[in-house]
Each structure stands twice: as structure tokens, then as C-alpha cells.
1. What share of all Cα pairs of region C:91-194, in percent, falls into each consecutive 5 Å distance bin?
2. Over all residues in A:18-29, what is the mean tally of Cβ atoms on other chains that come within 10 Å of each residue's Cβ?
3. For region B:71-101 and region C:278-301, write down the distance between their C-alpha centroids in whole Å.
4. Sort C:306, A:240, B:147 so that the residue with the fewest other Cβ atoms within 10 Å of its own Cβ comes first and the one with the most comes last.
5. Quick check: from the Cα gyration tensor, does region A:173-219 come out rounded (a/c under 1.5), prolate or oblate?
6. If I take R0 = 22 Å and measure r between the Cβ atoms of residue B:177 and residue B:119 in this structure, what FRET efficiency does the formula 1/(1 + (r/R0)^6) give, to the nearest 0.05?
7. What average number of partner chain Cβ atoms lie no more than 10 Å from the Cβ of the residues making up B:52-59?
8. What value, in deg cm²/dmol to 500, does the helix sum -39500 (n - 2.57) over DSSP H runs of n ≥ 4 give at 222 nm once divided by the residues of the protein assembly as shown?
């Protein structure tokens, strides 16, 4: 009989990396639905395009590295990167933007560092930042949310969207549908009180809390995030710390809603990529801090950085930059936030020599 | 004097610079004495990492001389008894990239060995005793010699001088007490093994049948 | 309800306990044989007490503890010892160790054993006595690691809490559960004994997971009126780990690297408590235990009371084991158990479960995917480690970081591997890393020792070198002295002067300083004095009671001792007189003195000696001594006469120098001859040497025989002594002849007995060494090649013979031939390289 020598434990949970990744993909659906409802088919097209490019890139790299291709494709990690990038990109972005971003994320940000588990930076965010810096025009052309369309005008349908994305002759340009995002609007506001702005700008007066369409997209991601928390895919520490610190910063600088105000906490929480970042980006375990204490610090600093860049930086949204900056700091945070091990009086530092 | 200095910017600059140099020199000199670190000299630290077989395979007459040579810039991959782990440790210590073992000096042997004297063949020539760098061979002229196994470093320097070839290097047997788990094989090997499961099962079953 | 604390981390693997609790504990029929390993626990293996073929009784001690941390083993039933050798034992390595094989005779005949008398209770015994009984009952912790219980029960600190571990958190295992259900009363008594031994701790707690309500209910009535508390806590793996259970029940943590006793806690398994009760109450040693046999590859899942040493095959055979459905056979639970690679492995004291897992239960582990640092392992870790970081550093063999991340606080519970979505065998990484670190630490110790020894040797060699250099210096100085001396006597031929010089140098080398000489002589005198003293004492006693012969002997001894003392004294006196004139000078003096002087001196000394002897004869009152002395006197007188005659014969006017020259020449010649002979001897092959020895010996024997005859004729008292000497010489001659024979007949008698072979090997090697010493480098190489060739030829012939005879040595001979060939080619190459 084949009696094999196998190390304990001999039992194992049914959970696998692939299933974790599938859960993450599943959890993006509420956000994706909201994006599609309010901003048209663009995001879906982005995701499909990015997904196929990512899988192709991953397979090519695995072939080049002489690794078993199907085995590594099976972990779904490339797909997750692609979907997150696709969700972050403006809907109706030209196809080459998506392709460049995705392949940069997979080839450079992931595999040049050693592949899954070895990348120090979140690949999706690296791809996003590269695009934002290289193609600022395309990257800031967000379509207007559905409620803002004039009577009788309707957003492009699926085929029309596809034509726009592929840049086919005869299709309109994206410019016909773009509008400022709430964060843009707030940045450019110089004379109006927040209350006045909310009253005058349709982007706000058609919305319930923060910005037409945007609030629902963020709520969608919040819902997905809560699902992942419930399924224990990640711990609460990172997202909660980030949201709390962002709200705190916003509250501190709300300035009673004056014209110099940087917006209310609610408006910050439900605008831009806040919820996507909180639950899907900074929870990327590979590039974030390791311990729970570390994740609290990591999340809180990201929250603060987001607010700083949004308020005083030259970019209207800042999730990508904040996350990448903190990716740099993760090893340092790890060094000082080792948990206290059973039987030890206090925690040690990772670089500490013999006790 | 002061006026001259003030009026002459060149001299003023010169005086200022010299003054600064003196002050900082004094501070640095003071710091060098006050905060002097009595660290291990680097040779000592390198010597700590070497396996102390004193086998001379590196081309130096012992570990300490090789440590000295490394400190003077010799390559760190000349120690077969230490193998890759020693090279890695040295690389970490010296902050350099870890090269692989220089095959010119020998190959790494996973199995530790000790010298064993076939005692009924020993003629008592004491040649091996003189060759042993750690005094691990016991004996006197015209008397049978024997190896103190616990002190033998397995350098095999005693094998060559023996005129009757009665010294063997035998592998140290592994006992229950020093058995340890091996590192798991890399995933690629596992995948390969799973891709051809027929072979494995066949061999295992075959063993049983045999 | 007592407060319980939360377990940090932990997992909820499927329990799978219901299968094996349906049926009560059963007893199996006796197996055909029992294999009992000598080491079933942590610590030193037990020391064997029985021999092969012994008949033993049930409960008889087969091996006793060797050392403090060791446990004995006992015969599980009566029978015969059939074998004591290495067999595979239950160990993750699958290695073999010494085991006793016992063939049961089926009589189950107990050895005499007594527990505490039924009329007494254990409180009537001292804890030390009870501990001794436990130690002799061979009880080791039945929970997991098998730490000797007696050691654990004699902690150095005061114990405030005794914890009885009934947690049994591993899936599948129900041995403790069933034991608690069925033997609750005995367990409680065992706990009371343990508590008594530990000096009555404030708290005695039994910790049981809340998935065992039946066990809880079974124990409840027996603990109701005692100080023992039953504590139930939520089921979560690994709550049964000692450290974890302590944390759950007391909220305290065992310090890293420490023992529970350090915080006043002792933890024992319920099975151990039961075994202790059996040992104390009935005097029965630990010869059986409860073991769960479970898993879907077995059709029956239940618990058995199994004799220690029962082969697993026997257990499985009674449970409908389906080999083909079994993916792996595990001893212990699915979380921490290890796989068995041999079905004949026996049950030992720590075997709580045999899990025959089916392919569904334990499929082949999928290949590990990359770690995505998801942190699920860190959530599950009961020791609050960061398994993902440990894995990272284990992969890169970064031992420093591993230790900084507290690798050694890992209890290897497997919770991290259990939850890992990438299927990484984390625990194996940690075990391998721990092994590496331990090994490295040991190697460090060893290398430090090697360094110390090496450095010591170096220092010693330097010292020797220095001493040699000093000697060389001294020799040089002596040579210089001689030069000046010979320069003073310029008319001497240079060659002779050189000879003298070297002789002097050699003398100087051996010469100690006058002070040293003086000291040596003083020591000699003291020794001689004390010797004389003892000899005189002996004489006293012999005079009183000894025979005449003895008296004579003693007397002679006293005389001898006196003489020696005198010698030593006179030498000292001489030294004091001639302090400063060294041996060298004496040599020179003697060499340069004229024959006349020499003879005159000789005459003087003879006269002196005669005078002394005469005095002695007068002093002596012993007849035999007197006779001996008289004969000596006569000889001396004869010598004196000779010398006087020679002096008379010497021409008075002989010029000093030529004679002198002659003598010096003679001396030099003698030295040269001796050297030449030594060189010749060195250069001669062993055979020739031996032959010469034989010739020399024959000559000496001839002389000795002549002397003996003379003595016999003269009826000398030395006959006996001479006879003995002759015999000795004859023996020597025989030896030498024999040696010569072996040497000459060597080539044809290779296969003689080892004694001959050894001595001939020595002779040959010596001969070779001598030859080599006198050869040039090239000659040496040539010689090596030639000898290798001949050896190769011989080896080949032998090999052919062996092959023809199909001898079992063929393989070894073949390798020998190959080896020789390699060496030959090497030598030839060397020779070739040497030529240009």
C-alpha cells in the first residue's frame, strides 16, 4: 500500500486562494451594477477588456517563466487586478488606455517583482497611477451620471459605448457625455458656501447625500465590502481605520461649510474611489501591512493621505496615490507592529536580534 | 585686525572656514573617543561564521587565515564544508550578493563525515596525528591510533598522509534525536508529480509487491 | 460557574467524533507478538533488564529508567522475549529504534504486584513514596509528548493549580472522552492522588470542551463533594494544548521558554490520572492504554484498551480496514498526528488514536500556491505569531528574523496550515526551520570547540618551534666554541677538528646546565636515601621472621642501595669540584690526554677502588658478600697489574702529538663507523635488517655460551644470572628468526592469520618509510608507481580467483582494483609531470 509521509495537519479547510479571489470578484458586483446604472456600460466594457488582457499577459509571463500556466491562472489573482483597475478607470475610456494600464499592472507591477505574493505595490493602483500621469485627459473624462442628462437625451447604449471605447469612426466622442465629478466641483469651488453649492449644482441637488450617482456607487462597494468582512476574507482593521481617519480629517476641516471648506465627511466617504479603495484596494494583503495593529496604522495613514491630497494636492482624487505611498511604508510599519506572542511580556521588533 | 578681516571678505571667509574646520574637527575627534564602539573586528566575525574544519580547501592554512583573506577582499565562496549556508551568512555579514560555491575548491557535501581508522591496519606512524588540525587523533608512535569522533571536523586531512591507507571518511549516522523535517519541495515539483501520478503510485505499489 | 478566558485564534475543524463513541471501550484478543520500543517518551531510552529468550510475567519490568528524565517499560502480558533489535517505531521520521519483541503465551500470568493496602488510603503514604511508585510504573504523559509523569509531578516551585486536561480538542480522537465516560471514579481518585502528591494545590480543575456533555455528566457525581472543579469551555482547536488550556482556565500565560510550573501550574492528562490510580491502587504498571481506531477506511470505529506494543495491523484487522480506501494512516489526530509508513509499527504509551483516513477525508494535498499574505493564518494562530512572515523567512532561511518572530513559540498545532487558502504546508516549514536552527546552534558549539582546539594546537606548535630554534642557537654557539678551540690548536687536520666539533655539539645538545645537573643529582640522592631507608626497613622485618635466603637477598639489596647512594654523593661532589667543566671538555680532555696520562689515571683509579673494596671487606661481616667482594678485588688487582704493565711498556719519550692524533683519529673513525652503520641500517630493507639482527644475536649467544661455560668451570656464583641472560638472548633470536621468516615468505603468505599479516604490514611499511626517507622525490614517485603496479597486478589476480570461486568478496575486490587503478594513473601522471 502506498503509505505516504505527509506532514500534519491532515485536515484542511475548503477555502482556497481561487475561492477567496472569486469572493472578491463577487463582492464587486453591487458597485459594478451601480456604476453601470449611473454611468452606462463603460465600466463593464472596461472590466471585460482588462480581464482578457490580464489573463493573456499572465499566461504569457507564466509561459516565459516556464511555470505551469493553468495552475497559476487558476488562482484568479490576475482577474482581480484587472477588475479592480477596470472599476477604477473612467467608463468609456479608450481601449488602449485599458490595455496599457492592465498590461503595465500585470507585467511590470506584478511579475517583474516576482509574481503573486511578491509585489510590494498594489498592481491595479500602479496601473492606474501610470495612466493618470501619462494620459491625464483621458483619465479625467468621466461621463455624467444618469440624473444629470437633459430630458430626452439618453446615455449611449452598449454598442454605442463599445464604439466609443474602440474609437470606431462614426461613434461620438466621450466628451459629449462628460461632466465634472463631485470632487472636481468642490475643488473648483471658490466663492460659494457648501450649502449654496449643494443648492445650485445639479450634481449635488439631485443627490441624497453626496453626489448624484457617486453616492450609490460608493454604497455599492460598501455593501460588497461588508459581505467580504462577513465572509472573513479580510479583517475590519484596515478599512475601518481608513474610513475613520478620512471622516475625522474631513470633520476637522469642514470649517462649518464655508467657502473654504473641503467638504463634509459624508461627502468624502461617498465620493470618488473612497469605498472601492477602503474595501478592495487597501485590503490587498500582499502589499499592505501584516499585523492587525499594523493594518490600523496603515489604514489610518491612507485615510489621512487621501484627505490631504484631495484638499491640497493637484489631483481631485487620491486613493491610488495614498495607497501606493503607504505600500512603501508597509515594511516599516510591520517592523514595529509585531503582535505580542503568547508567553512574551511585550511584542518585539522584527529586526530585533536575540532576546 | 578685526577691521582688516571685516574689510577683506577673502580673509574673512578663510578665517571662518578654518574656524569651522577646527570646531568640527574637535567635535569629531571627541566623538571618536567618547563613542568608540568596541565591536568585533570583522575578521573575528567572519571567523565565527566559518565552519572551523580547518581543512584548507580554500587554499589557506585554516579558517582564521581565510577569514583574514576575506577581510582583505578575497572571494567568500571558497569554503566547501560550510557550503551555501555559510556563503549566505558571509554575504549577509558583508552586505554583498551571495555567489554560489566555487567548484574549484570542492563540492558541498550534505552528509557530514568523520575520519575512522581501521585499527588493525594502523601501523602507528603518527602521520595522521601530525596532520590533524584539531588534535582529534589519539595515539603514539608504534601504537595504534584512533579518532575522537566527537572532535573530528571531517576535514579529511589525515587521509592523504596515511602510508597504509587505513583511514576512511565515514558518514555520521543520523539518529532519532537529530532527525528533522525537510523543507517542503517547491510547488513546481509537486505539480510535476501530480501531473504524472501514475508513475508515483506505480512505484509505491510496486515496492509493496516486491 | 467559573470564569473561562478566551482562546486566542483557533479553528473549528469538523469534529468527526461521533463515529467512535457509539460503542463502549473494548478489549482486543492477544496479538501474536508485541513489539515494545525502549524509548516511547521524551528523554533517555530505558535500560534493558531482560535478555533474548527470557520468560517474563505480565507487568514485569523489561527495562528500567536510565536517568532522571526517563521511563521504564513493562511486559504487557506474560510470554517469552524472542528478539531485541531495531524495528520501525512510531515517529514522524519512520526510523527504527531498539524494541523488545514479546511472544505472548496466552496465560496472562501477573507478576506479584501490590498497590496500597485496601485498608489504607494513599494519604497514609508520603508523596515521595507515591512518586517512586509512579516512576516505577512507567507512567509517561498520555496526552501527547509523553513527558515522564514523575518528573512533572516533582516541580521545584509551589504549585497552586493542578489542571487535568480532558479537553481532547483534536478531531476524531475520543479516547479521553470514552475514558471519562466509563472510568470516571478511577480518574477522580487518580486526580486526588496527583493533588496529594503536589502538596494540595489551591485549585484542581478538570477542563473539558463543551462538546463532551456525557463525559462531564459522568464525572460530575464523583467531584461533587471534593475540591475538584469541572470546567466546561467552548470547543475550539487547539484548546487542549497545555499552554492554551492554561490560558483558557486561568487567564495566565506560560512564559516563553518556561514551564507551567514556573507560574505554579501543573497540567496532566485524564489518561495519566487514570494510569496513576491504577499504579497506586493496584500496583499495576502502565501496560495498556485507550486508543481510538477511526477513519472511514475502517468499517468499525471505536475505542479499545490496547496493550502497549500491539502492532497496528492487529488493531486494523479487527476493524474492517480497507487498504485501498486508505489515503494515509495517521497516528494521533488529523491536526498534529504523523503518518505511518509501516503497518507493523506498535502502539506506544502516547498513541491516542489510529486514524485510517479515506481518500475523501484526506485527499492528496494540492500543490502549494504562492502566499498572498492574506493573514488568515495569523488570525488562527493561538500563539499570536505571524505565520505568513515566518513562512517568508523560513523560505529564505533567514534564521535571525525567524527567531525575532518567535518561531520557537510555535506549538505546531497546524491551525495556520489548516486555514491557509494556498495550501502551504506551513508547519513543515516551521519544523524544518526549527531543526535547521537547532542544528546550526549545535554546529556552532562544535565549530567553536574546533577553533579552540586548532588555536591551541597552533600555539603549541609555535612553542615547539621556538624551543627548536633555541636548541639550534645553542648548537651553533657550541660549534663556534669548538671552532675557536680548534683554531687554538691549528696544527690539527681540519677534518678531525670537524668531527670533534660535531661530537661536541651533540654533547652540548644533550648537556644540561650545571645547575640542572646539580638538581638532578640532588633528586637522585634523595631518592637513593629513601630507597635505602625502605630497604633497611625490609631487612629489619626479614631478620625477625624471614628465611635465611630472604635475609641474604635483603642484605644484598641494602648493600646495593648504599652503593648507589654513595655513587650519587660522589657524583655530586665531583660536579661541585668540576663545576664549569662540561662533558664536552671531558671528551676533549680524554681525547687530547696522552696515553701515559690516561694510563696513569687508570692506575690511580684502580688503586683507589682496590682500597675501597678492601675497606669494605674488612667492614663486612657477611660471608657470601665477603667472597664476592674478594673476587672483585682480585679482578681489580689484575686490571691494575695490566695497566702498570702497559705503562711500563709505553716508550717514555714518545712525542705527545702523534699519539694524540692517533687516538683522536680512532675516536673519529669510531664515530664515523657508527654513523655509517646507522645509515646502512636505515637504508637496508627490513629483511636485511632482520638478518643482521639475527647474525648479531647469534654472535652474542655464542659469546654468552662461552662465558657461561667458563663460569660453570670456575663454579662462579654468576652461573644462574648468565643462564638467564642466555635464555633471553635465545628467545630474542627465535623472535628475530621468525620475523625474518615472515618477511621472506611474505609474498606467498598474504592470507595468513591476521597477527602475521599485521606484523608483516608493519615491517613492510617501516621498510617503505625507510626507503622513502633515503630516496629522491623522483625515485619516490617511481617507487610508488612500481609498487602500485605490482599491487594492482596482485589485486587483479585475486579478483579473478574470487570471480572464479564466486566469492562474496568480489565486489569489494573490484572496488579495490578500481581504486588502485585510479591511484596508479594519478601517480604516473605525477611522475610524468615531474620529469620535465
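Taken together, the values in this text are just the output of simple stated rules run on the coordinates, not laboratory data. Note that the structure is a prediction, hence the values are computed from the model and not measured. Ideal geometry is used to build each Cβ from the backbone, glycine not excepted, and the neighbour counts take in all protein chains shown.
1. Each 5 Å bin holds this share of Cα pairs: 2, 7, 13, 18, 19, 18, 14, 7, 2, 0.
2. On the way: counts 3, 1, 5, 2, 0, 0, 0, 0, 0, 0, 0, 0.
Shielding by partners across A:18-29 averages 1.
3. 54
4. Values: C:306 26, A:240 17, B:147 21.
The fewest-first ordering by Cβ neighbours comes to A:240, B:147, C:306.
5. On the way: a/c = 2.01, a/b = 1.22, b/c = 1.65.
Judged from the Cα gyration tensor, region A:173-219 comes out oblate (a/c at least 1.5, b/c at or above a/b).
6. Details: r = 27 Å, r/R0 = 1.23.
After rounding, the FRET efficiency stands at 0.20.
7. Values: counts 12, 4, 8, 0, 0, 0, 0, 0.
Average per residue, whole number: 3.
8. Working: 50 runs with 740 residues, N = 1401.
Only helices count here, giving -17000 deg cm²/dmol.
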